[in-house]
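The values are calculated or read from the model by the stated rules, or taken from the named source; none is laboratory data. Keep in mind the model is a prediction, meaning the values are calculated, not measured. Counting neighbours? That spans all protein chains shown, and the Cβs are built from the backbone with ideal geometry, glycine included. Surface accessibility is based on the protein's heavy atoms, side chains included, excluding ligands, DNA and RNA. Shrake-Rupley method; radii C 1.70, N 1.55, O 1.52, S 1.80 Å.
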Amino acid sequence: MKKLVLLSAMMMLVAISFGQEVSSRAKAMRMMNYSRAEYMIKDIKVYCDTMTIYSLADYVIYPFGKFETVEQYLTSDQLQWYREVGYKTYYDSMSVSVNSIRRLDGSFIDVYRSIHTGLCEVLAAKVTDPEIILDNGLHPGVTKDDVFHTFFTKYPKSYTSDVAVLKVVSGAGEVYEIYTFKGNKLRHIAVGTKYKYY
């Protein structure tokens, strides 16, 4: 009898875990129907408290806008930045000139000027200052609904209630943005890259 109870409990656990996986995929597929066309969202994955959006839009690669020089960005937002210039190693043996612009609260943006595109490419960024506004209008302090309404026309609120991290990834996976929530507010935004070339 004990073996039968143990076997049925194990079968229920397997069924529940399989059901949750199907449910996550079903949520992702339904969210695809509500995605905004300008973000060209090609896939969505939901895993635990993280939703990952795969987008082909230029916005993901240039979250702060397209600039040819760091000075253009510094003068566009009228904020007080502190600038550092140094070299970082990429692709194990190549050094590239990297401009780091920083705010007193610890927010920073690391960029380099690409010889291929002629634009400032973001290597990494962390934004905790609500005065720093991304090109899509998002900044720390906005509500979770504001963030999701940026990427989706509408959506079931129950689908996003458990989401603590929204990750937006470029089509090739080279650039990603991470929106981290605390409760119903956007706590900070991080940008990262896997660039291995200059």
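A few notes on this one:
- Residues of region 155-174 classified as in a strand (DSSP E or B) and of a type outside the set (A, V, I, L, M, F, W, C), total: 2
- A count restricted to region 97-124 and to residues that are of a type in the set (D, E, K, R), open to solvent by 20 Å² or more (accessible area, probe 1.4 Å) and either within 18 Å of Glu174 (Cα to Cα) or in a loop (DSSP other than H, G, I, E, B) (or both) stands at 3.
- Number of the exception - Asp135 against (1) assigned to a loop (DSSP other than H, G, I, E, B); (2) touching a Ser or Thr at 6+ places or on another chain (Cβ under 7 Å); (3) surrounded by fewer than 19 Cβ atoms within 10 Å (Cβ to Cβ): (2)
- Residue count for region 106-127 under the criterion of being over 29 Å from Arg187 (Cβ atoms) and among the hydroxyl-bearing types (Ser, Thr, Tyr): the result is 2.
- When residues of region 30-45 are limited to those that are assigned to a strand (DSSP E or B) and touching a residue at least 24 places away in the same chain (Cβ under 8 Å), the one most open to solvent (accessible area, probe 1.4 Å): Lys42
- Scanning region 141-162 for residues that are over 13 Å from the mean Cα position of the chain (by Cα) and either under 24 Å from Ala125 (Cβ atoms) or buried (at least 18 other Cβ atoms within 10 Å of the Cβ) (or both) yields Gly141, Val142, Thr143, Lys144, Asp145, Asp146, His149, Phe152, Tyr155, Tyr159, Thr160.
- For region 163-174, the candidate set comprises residues that are among the small types (Gly, Ala, Ser) and either over 25 Å from Ser23 (Cα atoms) or modelled with pLDDT under 95 (or both); within that set, the residue that is surrounded by the most Cβ atoms within 10 Å (Cβ to Cβ) is Ser170.
- Answer residue from region 47-58, given it is under 23 Å from Ala26 (Cβ atoms) and either of a type in the set (Ser, Thr, Tyr) or more than 13 Å from the chain's Cα centre (by Cα) (or both) and is most open to solvent (accessible area, probe 1.4 Å) among those: Tyr47
- Within region 59-83, residues that are open to solvent by less than 50 Å² (accessible area, probe 1.4 Å) reach partners that are in a helix (DSSP H, G or I) with beta carbons closer than 6 Å, at six or more positions or on different chains, in the pairs Phe67/Tyr73; Trp81/Leu74.
- Flag if Glu177 is open to solvent by less than 40 Å² (accessible area, probe 1.4 Å) and either assigned to a strand (DSSP E or B) or closer than 27 Å to Ser76 by Cα (or both): yes
- So Gly183, is it in contact (Cβ under 8 Å) with a residue 40 or more places away in the chain and open to solvent by 20 Å² or more (accessible area, probe 1.4 Å): no
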